[in-house]
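Bear in mind these aren't lab numbers, they're just calculated from the coordinates by the rules spelled out. As the structure is a computational prediction, the values presented were derived from the model and not from experiment. Counting neighbours? That spans all protein chains shown, and the Cβs are built from the backbone with ideal geometry, glycine included.
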Amino acid sequence: MEIGKGYRLPTWIALIALLAAIAFSWLESATRTFTWQAEVFTGIPVAAMFALAMLNRPKRSDLGAWLAGLRRSLSRSTSTATKSAGLSATLGSSGPEHAPEFSSGAFASRLRESLLVWSLWCAAVIVLELAELSYLPRSQHPTLSSIVEPLLAGSRPVHAVAFFAWMWVGWLFSSKW
Amino acid sequence: MAVLVEMVTTASIGIVAWCVLGLVAVGLEFLARFTKNGFLTTGQVLHYVMRSTVGRWVVLLGWMWVGWHFFVR
C-alpha cells in the first residue's frame, strides 16, 4: 500500500489498518440509513479520505496542463498500423510506473471513443437517477439506492463487505496521486 | 385493476431502465477486455481522468456521493 510517491506503509501498520477497516465495516453494517449513526460512520471515512487526498495532493492545480494534454491527444491523427502498435503498448500496462502513453497518436482515437461512450453512460445514469428521484412513491420510481437498500438491510455481511469495498476504492482514489 | 397494472408498469420501466444501463456497462467492459476493438476499460479511462488533480477530485467527490447515497440516505 503506497501513499503518494515513493512512500510505503510498514507491513504491520498496513495489517492493523486493514483489520481496523474490517472491524469498522462490521460496526457500520449495524447502522440503518437515515440515522445519525449512519451519518457518523459514513462521515468518518469520507473525512479521512478527504484529509488523505489533501495531504497527497500536488501543490498546484494542473487543469490547464491536463486540458492541453487532452486536446493534443484527441487531435492527434491516427492510422491503422500505429493503432495496433499502440494497443499492444498500452493494454498491458497498469499503475503509475507503467502508465499508458496517453499522448501517442494510436491511443488518441481509442481514448476519444471511450471517453465519449463512458461519458454518455454516466450522463444516462445521472439523468435516470434524477428523473426517478423527482417522482414518488419510491416503489414506483426506484433509484439506485432504493434498489440496493434491500440487499444492504437484508444481510449484515453483505452490508459490511459493500462498505469495506467502498472504503477500499476511496483509499485507492485518495492515496495514489 | 387498471391502477394496479399502471403501478406495475411504472415500476417495471424504472427497473428495466436500470437493468439496461447495468448490462450496457457490463457489455462495454466485456468488449474492452475480451475483444480487440480498441475500446478502453473503465479502469483505463479512470486512470486517464485521474492523471489531473481536478479529475481526481471529481472522481473522489463521486466516490463520496456514492457512499453517502447508499449508506446514509
Determine the shielding of peptide B:41-50 by partner chains: average, over its residues, the number of Cβ atoms on other chains within 10 angstrom of each Cβ. 5
Using a basic spin-label model with each label point 7 Å from the Cα along Cα→Cβ, how many nm lie between B:I15 and A:W168? 2.9 nm
Taking the Cα centroid of segment A:111-174 and of segment B:47-61, what is the distance between the two, rounded to the nearest whole Å? 19 Å
